Amino acid sequence: MSENLKEIVEEISKNDNILIVGHILPDGDDVSSLVSMTLGLEKLGKKVTAAIDDEIPEYLLQFPLVKSKIKKFEDVEKIIYKNYDIMVILDCSSPDRIGRLEKYLNAFHVLLIDHHVTNTYFGNLNWVDPSMASTAQMVYRILTSLNVEYDKELATMNLLGIATDTGFFKYQNADVLVFKDVTELIEKGANISDISNTILDNIPLEQIYLYKDVISNLKLALNGQIAYSLLTLNMLSKYNVLPKDSPSFVENLRSIRGVEIAIVFQEYAKGSYHVSLRSKKWADVSKIALNFGGGGHPRAAGFSVETNDIRQTMEEIVDTISKTIANHNPNLAFQ
């Protein structure tokens with residue numbers, strides 16, 4: 001057991017009232033980690049509340065425990081000072097990622113557990129391990145170190161985060177340790193079929209129509225090395241898709257032959273955009289995102305931007321990225 005993991009386990013062991021916090025724009029790993037940690041610590045008799053200051057996408061709400069175990073910010077705001085001993089933050093690289101819960105950081109002893117290489121180490125006790133493919137794996141180590149007895153529900157929820165953050169085991173981060181952890185969770189009752197059927201084989205028809213419009217906005221740069229597109233609120237409204245329920249489609253663009261970097265600019269409020277970045281083999285998009293005030297992983301990252309002219313902003317950002325990766329790869333030329 002690493003020293004940081006040991007300290008985290010000791011701190012959780014001696015506290016009975018625990019607030020667990022996830023990040024805005026929640027994804028599968030974050031939601032999985034929160035629910036798994038909550039279920040595991042409740043098995044030890046601890047009073048636990050998990051909270052995210054954002055809407056959870058519908059595809060994750062298909063797992064009943066997500067809806068029942070994760071509270072909204074408004075549900076915990078009035079009781080936050082008197083009900084909890086420590087705050088445990090999962091899968092967050094910087095304090096702004098926890099939304100309005102950030103203003104309570106100084107009120108608690110904060111345990112931070114994360115795997116992003118761009119983490120700013122903003123907790124009082126930090127266990128940050130970028131070698132892990134997912135925060136869900138770190139939660140697994142915490143719970144097993146606490147001798148939590150796994151059942152099918154807990155194992156499946158824990159596996160959810162590993163599956164989604166490895167692209168269902170197709171990304172480069174799907175290493176030997178990932179498959180070791182997956183094997184152990186399946187032995188404890190996890191059902192990968194339930195997870196894949198719920199997420200991969202359950203796409204609403206409206207999202208298929210939306211994808212058609214995203215493809216109509218598709219553009220290429222740097223001799224086809226970069227693929228990028230735009231997803232606006234008007235496009236979502238056209239098909240009655242809520243912003244929280246819209247996939248970014250960045251993985252679809254990444255799958256195009258010859259593309260190294262895929263970028264989707266998704267509007268989530270008027271004039272406000274989240275920029276999703278994915279790379280295939282060699283480009284470190286975490287460094288690109290960091291330059292724009294964001295963060296993430298070498299193959300998956302993102303940042304936000306405010307603009308009144310998104311199409312001009314897109315071209316400026318893509319031009320900057322093109323120059324960045326071309327400088328690192330002299331054999332590449334501009335389109």
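The values are calculated or read from the model by the stated rules, or taken from the named source; none is laboratory data. From a predicted model like this one, the values you see are computed outputs, not experimental measurements. Positions of Cβ are generated from backbone atoms using ideal geometry, with glycine treated the same way; all protein chains shown enter the neighbour counts. When the accessible area is computed, the model is the full protein with side chains, heavy atoms only, and any ligands, DNA or RNA have been set aside. Shrake-Rupley method; radii C 1.70, N 1.55, O 1.52, S 1.80 Å.
Okay, here's what the table says:
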| item | result |
| --- | --- |
| Computed accessible area, Tyr211, all protein chains, 1.4 angstrom probe, square angstrom | 70 |
| Heavy-atom accessible area order for Trp282, Trp127, largest first, 1.4 Å probe | Trp282, Trp127 |
| Zero-based 10 Å bins, Cα pair distances in the range 197-290, whole percents | 16, 47, 32, 6 |
| Accessible area expressed per residue, the range 154-223, with surrounding protein chains retained (probe 1.4 Å, Å²) | 49 |
| Average projected area [Cα convex hull, the chain], square nanometres | 16.7 |
| Most to least packed among 94-102, 27-35, 309-317 [average Cβ atoms within 10 Å] | 27-35, 94-102, 309-317 |
| Extension gain from Thr324 to Asp194, taking 0.36 nm per residue of separation minus the Cα-Cα distance | 42.7 nm |
| Per residue accessible area in Å² of the range 1-112, where ligands, DNA and RNA are left out and the probe is 1.4 Å | 42 |
| Amide H contacts of Gly295 (H built 1.01 Å from N, under 5 Å, at least 5 apart or other chain) | Gly302 |
| Carbon and sulfur %, accessible surface of the chain computed with the full protein complex present, 1.4 Å | 49 |
| Ranked packing of 189-202, 128-141, most packed first, by mean Cβ within 10 Å | 128-141, 189-202 |
| Computed E for Lys67/Glu316 - FRET, C-beta separation, R0 41 angstrom, nearest 0.05 | 0.50 |
| Label-point gap, in nm, between Glu58 and Tyr209 - each point 7 angstrom along Cα→Cβ | 1.2 |
| Cross-link partners of Lys287 among lysines (Cα-Cα below 19 Å; sequence separation of 8 or more within a chain) | Lys323 |
| Anchor Lys281: aspartates and glutamates whose Cα lies under 16 Å away (excluding residues fewer than 8 positions away in-chain) | Asp175, Glu251, Glu260 |
| Projected area averaged over orientations for the range 86-212, convex hull of C-alpha atoms, nm² | 9.8 |
| Mean shadow area of the range 252-320 over all directions, Cα convex hull, nm² | 4.5 |
| Per residue, the convex hull volume that the Cα atoms of the range 130-205 enclose (Å³) | 90 |
| Label-reachable residues, the range 297-329, where backbone N falls under 20 Å from a point 7 Å from Leu177's Cα toward its Cβ | 297-301 |
| Total lysine pairs under 20 Å (Cα atoms) in the range 98-234, excluding pairs fewer than 8 apart on one chain | 4 |
| In Å², nearest 10: area of Glu184 left accessible to a 1.4 Å probe | 50 |
| Estimated vicinal HN-Hα couplings, Hz - the range 109-121 in sequence order (Karplus 6.51, -1.76, 1.60; Gly, Pro = x) | 7, 9, 9, 10, 10, 7, 10, 7, 5, 8, 4, 9, 6 |
| Kyte-Doolittle mean at least -1.0, axial Cα span of 24 Å or more - DSSP H helices of the chain | 310-328 |
| Per residue convex hull volume, Cα atoms of the range 90-150, in Å³ | 95 |
